[in-house]
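Notes follow the structure.
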Amino acid sequence: MATNPYAAEEQKTILGHPRGLFVLFFAEMWERFSYYGMRGLLIFYLVQHWMFSDSEASVIYGAYTALVYIAPVVGGYLADRYLGQRKAVLFGAVLLTFGHFLMAFEGDGGQTAAEINIFWLALSFIIVGSGFLKANISVMVGQLYPRTDIRRDPAYTIFYMGINTGAMLGSLIAGYLGQTYGWAWGFGAAGVGMLLGLVVFVIGKPLLMGRGEPRDPARLAAPVVGIKFEWLLYVLSFLTVGLVWFMIQHQELVGILLGVAGAILVLYVLLTAVFKLEREERNRIVAALYLIVGSILFWALFEQAGASLNLFTDRSVDRHILGWEVPASMFQSLNSMYIIALAPLFAMLWLALAKRGLEPSTPAKFAIGVVLVGAGFLALVAGAHASVAGATPVIFIFLLYLIHTMGELCLSPVGLSAMNRLTPAHMASLIMGTWFFASATGNFAAGLISAATGGEGAGPEKVLEVYSNVGWLAVGVGVVMMVIAPLVKKLMHLDTLRDEDELAGTAELAESQAAGMDVKHETR
């Protein structure tokens, strides 16, 4: 009988979880440090350094963030089919490190500067690197546990706390350095963070207990056109940086790609579910797709944070706190601060409601999240209009991020957990990639919404008008989602989830297990 080579390691835990979880925790924490540190500065860099208009910068920002989230569809497929998640994450981390350090080459600015091509190249490395890292590192968290292990959802809570710690520190440190001492300082700090994430992941490999390895190592080692197939994949992926370099400069192509690829992806998932899965597994895929599509509006509004809301905070908000005018990019940290503070409270809330049989289902939590993201903008609009001073009081920025964070706690971690819970193992990275594809679509739409706030002659009143319109739209859509939530819950078949030959338990048990865990993904 074969022995388990990782039996000794499986007995070693931290807070009751495999030690490999904390390798993933710290690797993702530093990756998020770099991403959010850079994101908080990006819209200002485009407008103030490269001299794009607000509308142009918003569309570029939307195209960039959309590509960051659509790339995991390809990266997830290659990991599922060939590379395995660990190799994919490692390769992605290397590309991301290149990209973030290239961002530090700023030149003299202006769209005619030769250095702008290095800027486009930096964005391209970050996009392709994210494609290999984002979906796959999330999948690796789930691979550390059986599908029905009650620790799975709390593990994602811990993992997401790492995401938010990195995002908070990145926004504060890189944001402050970039807007105080110069762009190169901020982007350089983001590069250092990504390098640290890469180092942690490499050193921590033994603690991953062989999870995320290739399905067919022999296939990867086989020669193709004179080189190993694995290295051929790396070379081809490296060459796609050039394709992305072209696309990021022609943002309309990104919109076409989202439309065409989105239709193909959803059709492929549906056909796979119809022809290759049993009825209950097929219904779960349909439920997962509903949640995926339902998240698009949420991300379109939520991601105003790095675009129009960032500019609004810089220009139309009184940012003085205790006599110090806080750089606008540092307000990007509020979301992560609220997550760290509120995550335990939400966990206790879900648990208390579950004990009384009152916990909302996953689809209902999604509906609440959509309502709250709309309500956040409505609160900002009301506060701005009620202000008698010229600038909007900064308290309403704090309030907006608070409401949006509460919405994210209802939607994002629940979605991440649901994608793993509802999906067969052989489709795990594909569905996780599809989840990120919805984020891509939402991010592209976010750029278009942000562009609508920055047309010719636009001022704060135009911004508030757009925020009012999208706010009421989100509230209305969320109410409709709440009405149909019970129907979607039935499609999830939580009472018959199996882990090999074991029943997952009743729907009530599954929901109560979800109580302490549904605390945020990223989506980020």
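The values are calculated or read from the model by the stated rules, or taken from the named source; none is laboratory data. Every value quoted in this text rests on a predicted model; they were computed, and no experiment measured them. Virtual Cβ from ideal backbone geometry, glycine too; neighbours counted across all protein chains shown.
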Q) Out of all the residues in the range 336-349, which are at pLDDT 85 or above and either more than 23 Å from ALA305 (Cβ to Cβ) or not in a helix (DSSP H, G or I) (or both)? A) MET348, LEU349
Q.
I'd like to verify a number: residues in the range 239-258 that are closer than 19 Å to GLY442 by Cβ and within 20 Å of the chain's Cα centre (by Cα), how many?
A. 5
Q. So, in the range 142-186, of the ones that are within 19 Å of the chain's Cα centre (by Cα) and β-branched (Val, Ile, Thr), which residue ends up modelled with the lowest pLDDT?
A. THR157
Q) Is there a residue in the range 265-280 that is among the charged types (D, E, K, R), crowded, with 16+ Cβ neighbours inside 10 Å and in contact (Cβ under 8 Å) with a residue 60 or more places away in the chain? A) no
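Would you confirm, using the coordinates I've provided, whether GLY193 is exposed (fewer than 13 other Cβ atoms within 10 Å of the Cβ), under 26 Å from the mean Cα position of the chain (by Cα) and among the small types (Gly, Ala, Ser)?
no
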Q: Could you run through the range 315-328 and say how many residues are modelled with pLDDT under 95 and part of a helix (DSSP H, G or I)?
A: 2
Q. What single numbered condition from (1) touching a helix residue (DSSP H, G or I) at 6+ places or on another chain (Cβ under 8 Å); (2) part of a helix (DSSP H, G or I); (3) surrounded by fewer than 24 Cβ atoms within 10 Å (Cβ to Cβ) fails to hold for GLY107?
A. (2)
Q. If ILE60 passes every condition in (1) closer than 17 Å to ILE248 by Cα; (2) hydrophobic (A, V, I, L, M, F, W, C); (3) modelled with pLDDT under 95 but one, which one does it miss?
A. (3)
Q) Can you find a residue in the range 120-128 that is more than 21 Å from ALA66 (Cβ to Cβ) and of a type in the set (Ser, Thr, Tyr)? A) no
Q: Only one of these is in a helix (DSSP H, G or I) and within 22 Å of the chain's Cα centre (by Cα): VAL483, VAL470. Name it.
A: VAL470
Q) In the range 196-206, which residue that is part of a helix (DSSP H, G or I) and modelled with pLDDT of 90 or more is surrounded by the most Cβ atoms within 10 Å (Cβ to Cβ)? A) GLY197
Q | Residue check, VAL381 within 29 Å of ASN469 (Cα to Cα), buried (at least 17 other Cβ atoms within 10 Å of the Cβ) and within 22 Å of the chain's Cα centre (by Cα) | A | no
Q.
So, in the range 51-83, how many residues would count as being surrounded by 20 or more Cβ atoms within 10 Å (Cβ to Cβ) and farther than 30 Å from GLU213 by Cβ?
A. 11
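For (1) of a type in the set (S, T, N, Q); (2) closer than 29 Å to LEU494 by Cβ, each residue gets a yes or a no:
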| position | (1), (2) |
| --- | --- |
| PHE312 | no, no |
| GLN332 | yes, no |
| ASN335 | yes, no |
| TRP350 | no, yes |
| GLU359 | no, yes |
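Among the residues of the range 252-311, write down those that are touching a Lys or Arg at 6+ places or on another chain (Cβ under 7 Å) and not aliphatic (A, V, I, L, M).
Hit for the range 252-311 is GLY306, nothing else.
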Q. Take the residues of the range 390-433 that are of a type in the set (S, T, N, Q) and farther than 21 Å from ILE321 by Cα: which is nearest to the chain's Cα centre (by Cα)?
A. SER412
Q) When you look at LEU133, is it buried (at least 20 other Cβ atoms within 10 Å of the Cβ), at pLDDT 95 or above and in contact with a Gly (Cβ under 6 Å, 6 or more places away or on another chain), yes or no? A) no
Q: Considering each residue of the range 330-371, count those that are acidic (Asp, Glu) and under 21 Å from the mean Cα position of the chain (by Cα), and give that number.
A: 0
Q) How many residues are under 23 Å from ALA428 (Cβ atoms), in a loop (DSSP other than H, G, I, E, B) and of a type outside the set (A, V, I, L, M) if we restrict to the range 207-249? A) 7
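If you scan the range 402-420, which residues turn out to be at pLDDT 80 or above and buried (at least 23 other Cβ atoms within 10 Å of the Cβ)?
Selection gives HIS404, THR405, GLY407, GLU408, LEU409, CYS410, LEU411, SER412, VAL414, GLY415, ALA418, MET419.
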Q | Count - residues of the range 356-382 that are charged (D, E, K, R), in contact with a helix residue (DSSP H, G or I) (Cβ under 8 Å, 6 or more places away or on another chain) and part of a loop (DSSP other than H, G, I, E, B) | A | 1
Q: For the range 387-427, enumerate the residues that are more than 19 Å from ASN335 (Cβ to Cβ) and hydrophobic (A, V, I, L, M, F, W, C).
A: VAL388, ALA389, ALA391, ALA418, MET419, LEU422, ALA425, MET427
Q | For GLY442: the one exception among (1) within 24 Å of the chain's Cα centre (by Cα); (2) outside any helix (DSSP H, G or I) | A | (2)
**Q.** Qualifying residue in the range 149-158 (condition: surrounded by fewer than 20 Cβ atoms within 10 Å (Cβ to Cβ) and touching a strand residue (DSSP E or B) at 6+ places or on another chain (Cβ under 7 Å))
**A.** yes
